[in-house]
Amino acid sequence: MQLKSSLWFLGALLLIVAGGVLSAQTDADFDHGIIAYSKTSPTDPVAQLQKRLDSGEVTLKSEPHLGYLPAILRELKVPVSSQTLVFSKTSFQFTQIAPSRPRALYFNDEVYVGYVQDSPLLEFASVDPKLGAVFYTLDEEEKGPPRFKREIYFCLICHDSSANTGGVPGFMTLAVAPDKTGNALRFVPVPASAMSDQTPFSERWGGWYVTGHHGTQRHRGNTTFSPGALLERMDWSKGANLDKLDGLIDTSPYLRPTSDIVALITLTHQTRIHDLITRANYETLRALHDEESAKSAGSGSEGHYSAVTMERIRSAVEPLVRGMFFVNEAPLTDSVQGISGFAAEFENSGIRDRKGRSLKDLDLNRRFLRYPLSYLIYSPAFDALPAPAKDQFYERARAILSGADTEHFRHLSAEDRTAIFEILMDTKPDFASRK
């Protein structure tokens, strides 16, 4: 019960930090108008698992020390090799997290699972095709069958911000400058920031443990900062190219002894893309709603969308186009190799064309993926985009892949464009059907 008390204290603290303005807010304040975020029942993978539990189709076995974690990962098809360890106090369970007791994160293309040592609460963030990020906790101390509790207000205080999620319910993979207790130092030239594939390698993973090989490249993982520390005087080599975390933490309480670098690269990419998909969805729905409202009031033409509406949709979709095609991706200057087996599992889960190619094929020498178009094009969230948004995306994709638009896409070689086009034609029927 001590943990629950500390969580309520954190909620109160967040309200105080916000200047008291949030004290009168409710779940409805995060509804995003017509999206009706708090009022809409989610259909994400965690919600689907709860339905299977309720019907008796699935039962979960609790294990000593790890509780329901292993069983839930199996049911959600989340690979254990995806384990990454974050020791900065950037979770709502911050009182339980320290450099000696990092929080473990596990993920697949649609679900993120957080595990904190000795905590009765498991954390879940899942992608809903209509709502975007949906958050849950599971209290293992509660009697009876396991029940996922949807969290709205408490999580969206941080996970619905213009700075880190684009103003929609979303995900963020933060890099900070942690002190020896895991608290993020505020007065250093390393502000807390949400990472993406555009973040330079040398600025990634402050507050995270990192295992794996990356050659001469240096990152900020495996390191704590002293107050007043100067970046130019930091010795990043001490945290580089680690096979093990021995001497840093005891990894025996976790499912793996690793915090895999390839999993971390994947995490920094897909959290941003999920948010861009959600933003394109929300903005398109708003544009269409405004158009329908205008028509019902006797304004506008029947049978097609106005120029204003189409421009709003184009503006909503273009950031997603550029994000999924890796515009401004930070280059790798040396090869990267993980050691947990995640890379092989990731590639093996890819959808392959008739030549055996997949958008999940890794490069890890110059860049993240061999064929630079995000594999999240296959995600239920992308498939659920309103038809005008998806049409706009595919129109832009064809222009880019044909070479007709190279202004922001010079990083794609002719071979890249041809391969990506052929993969999509073989594996994405709704793309192939659009001429």
note = If we ask which residues in region 111-144 are out of contact with any Gly (no Cβ under 9 Å at 6 or more places or on another chain), farther than 19 Å from ASP44 by Cβ and part of a loop (DSSP other than H, G, I, E, B), their number turns out to be 8
request  = Take region 174-191 and flag every residue that is assigned to a loop (DSSP other than H, G, I, E, B) and either within 27 Å of LYS39 (Cα to Cα) or free of Cβ contacts under 8 Å to residues at least 60 places away in the same chain (or both).
outcome  = ALA177, ASP179, LEU185, ARG186, PHE187, VAL188, PRO189, VAL190, PRO191
Unique residue being loosely packed, with under 14 Cβ neighbours inside 10 Å and either of a type in the set (A, V, I, L, M) or in a loop (DSSP other than H, G, I, E, B) (or both) when the list is ASP250, ASP197 = ASP250
Odd one out for ILE261 among (1) touching a His at 6+ places or on another chain (Cβ under 7 Å); (2) farther than 30 Å from HIS65 by Cα; (3) not polar (S, T, N, Q) = (2)
remark   = When (1) more than 17 Å from GLY114 (Cα to Cα); (2) modelled with pLDDT of 90 or more; (3) buried (at least 21 other Cβ atoms within 10 Å of the Cβ) are applied to GLY170, the one that fails is (1)
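Can you work out which of the residues in region 357-369 that are touching a residue at least 40 places away in the same chain (Cβ under 8 Å) and in a loop (DSSP other than H, G, I, E, B) is surrounded by the fewest Cβ atoms within 10 Å (Cβ to Cβ)?
Taking region 357-369 first, the residues touching a residue at least 40 places away in the same chain (Cβ under 8 Å) are 357-359, 362, 364, 367-369.
Okay, now just the ones that are also in a loop (DSSP other than H, G, I, E, B), so 357, 359, 364, 367-368.
Values: ARG357: 19, LEU359: 25, LEU364: 19, ARG367: 17, PHE368: 21.
Per the stated criteria, the residue is ARG367.
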Members of region 53-104 that are surrounded by fewer than 20 Cβ atoms within 10 Å (Cβ to Cβ), on the phi < 0 side of the Ramachandran plot and of a type in the set (Gly, Ala, Ser) = SER55, SER62, ALA71, SER91, ALA98, SER100
key: Residue in region 150-164 that is among the aliphatic types (A, V, I, L, M) and assigned to a loop (DSSP other than H, G, I, E, B) present   = yes
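If you go through region 227-240 one residue at a time, do you hit one that is surrounded by 14 or more Cβ atoms within 10 Å (Cβ to Cβ), closer than 19 Å to GLY341 by Cβ and either of a type outside the set (Asp, Glu) or in contact with a strand residue (DSSP E or B) (Cβ under 9 Å, 6 or more places away or on another chain) (or both)? Step through it out loud before you land on a result.
Within region 227-240, the first condition is being surrounded by 14 or more Cβ atoms within 10 Å (Cβ to Cβ), and the residues that meet it are 229, 231, 234, 236, 239-240.
Subsequent filtering for residues that are closer than 19 Å to GLY341 by Cβ retains none.
Checked region 227-240: no residue is surrounded by 14 or more Cβ atoms within 10 Å (Cβ to Cβ), closer than 19 Å to GLY341 by Cβ and either of a type outside the set (Asp, Glu) or in contact with a strand residue (DSSP E or B) (Cβ under 9 Å, 6 or more places away or on another chain) (or both).
Is it the case that some residue within region 407-421 is in contact with a strand residue (DSSP E or B) (Cβ under 9 Å, 6 or more places away or on another chain) and either crowded, with 21+ Cβ neighbours inside 10 Å or in a helix (DSSP H, G or I) (or both)? Walk me through how you get there before you give the answer.
Filtering region 407-421 down to residues in contact with a strand residue (DSSP E or B) (Cβ under 9 Å, 6 or more places away or on another chain) leaves none.
Within region 407-421, none of the residues are in contact with a strand residue (DSSP E or B) (Cβ under 9 Å, 6 or more places away or on another chain) and either crowded, with 21+ Cβ neighbours inside 10 Å or in a helix (DSSP H, G or I) (or both).
Residue by residue through region 96-110, note down the ones that are part of a loop (DSSP other than H, G, I, E, B) and more than 19 Å from VAL134 (Cα to Cα). Walk me through it before giving the result.
The initial filter retains those residues of region 96-110 that are part of a loop (DSSP other than H, G, I, E, B), namely 97, 99-100, 102, 108-110.
If the condition is that a residue be part of a loop (DSSP other than H, G, I, E, B) and more than 19 Å from VAL134 (Cα to Cα), then ILE97, PRO99, SER100, PRO102 are the ones that fit.
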request  = Among the numbered conditions (1) in contact (Cβ under 8 Å) with a residue 24 or more places away in the chain; (2) more than 22 Å from the chain's Cα centre (by Cα), tell me where ILE261 comes up short.
outcome  = (2)
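Residues are listed down the side, and each one gets a yes or a no for (1) over 19 Å from ILE261 (Cα atoms); (2) in a helix (DSSP H, G or I); (3) not small (Gly, Ala, Ser):
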site	(1), (2), (3)
THR278	yes, yes, yes
HIS289	yes, yes, yes
TYR305	yes, no, yes
VAL321	yes, yes, yes
ALA330	no, no, no
ALA343	no, yes, no
LYS355	yes, no, yes
ask   = Name the pairs whose Cβ atoms lie under 6 Å apart, with the first residue in region 387-398 and assigned by TED's automatic domain parsing to the domain that holds THR309, the second polar (S, T, N, Q) and crowded, with 16+ Cβ neighbours inside 10 Å, and 6 or more positions between them or separate chains?
value = ALA389/THR284
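Among what's in region 86-100 and is touching a strand residue (DSSP E or B) at 6+ places or on another chain (Cβ under 6 Å) and of a type in the set (S, T, N, Q), pick the residue that is farthest from LEU138 (Cα to Cα). Walk me through it before giving the result.
Residues of region 86-100 that are touching a strand residue (DSSP E or B) at 6+ places or on another chain (Cβ under 6 Å), as a first pass: 86, 88, 90-91, 97.
If we keep only those that are of a type in the set (S, T, N, Q) too, we end up with 88, 90-91.
Working: SER88: 22, THR90: 19, SER91: 15 Å.
Applying the filter and picking the extreme gives SER88.
Does VAL317 satisfy being more than 30 Å from THR173 (Cβ to Cβ) and either at pLDDT 95 or above or part of a loop (DSSP other than H, G, I, E, B) (or both)? Don't jump to the end; show me each part of the working.
On the way: more than 30 Å from THR173 (Cβ to Cβ): no; either at pLDDT 95 or above or part of a loop (DSSP other than H, G, I, E, B) (or both): yes.
Spelling it out, it is not the case that VAL317 is more than 30 Å from THR173 (Cβ to Cβ) and either at pLDDT 95 or above or part of a loop (DSSP other than H, G, I, E, B) (or both).
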ask   = Of all residues in region 222-244, which are part of a loop (DSSP other than H, G, I, E, B) and either within 16 Å of ARG186 (Cβ to Cβ) or aliphatic (A, V, I, L, M) (or both)?
value = THR224, PHE225, SER226, PRO227, GLY228, ALA229, LEU230, MET234, ALA240, LEU242
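Filter region 105-129 down to the residues that are charged (D, E, K, R) and crowded, with 23+ Cβ neighbours inside 10 Å and list them by number.
Scanning region 105-129 gives a single hit, ASP128.
Scan region 60-95 for residues that are part of a loop (DSSP other than H, G, I, E, B) and free of Cβ contacts under 8 Å to residues at least 40 places away in the same chain and jot them down.
Kept after step one, since they are part of a loop (DSSP other than H, G, I, E, B), are these residues of region 60-95: 60-62, 64-66, 68, 77-79, 83, 87-93.
Residues satisfying the conditions are LYS61, PRO64, LYS77, VAL78, SER91.
The values are calculated or read from the model by the stated rules, or taken from the named source; none is laboratory data. On a predicted model such as this, the values are computed, not experimentally measured, just so you know. Glycine also receives a Cβ, built like all others from the backbone with ideal geometry; neighbour counts cover every protein chain displayed.
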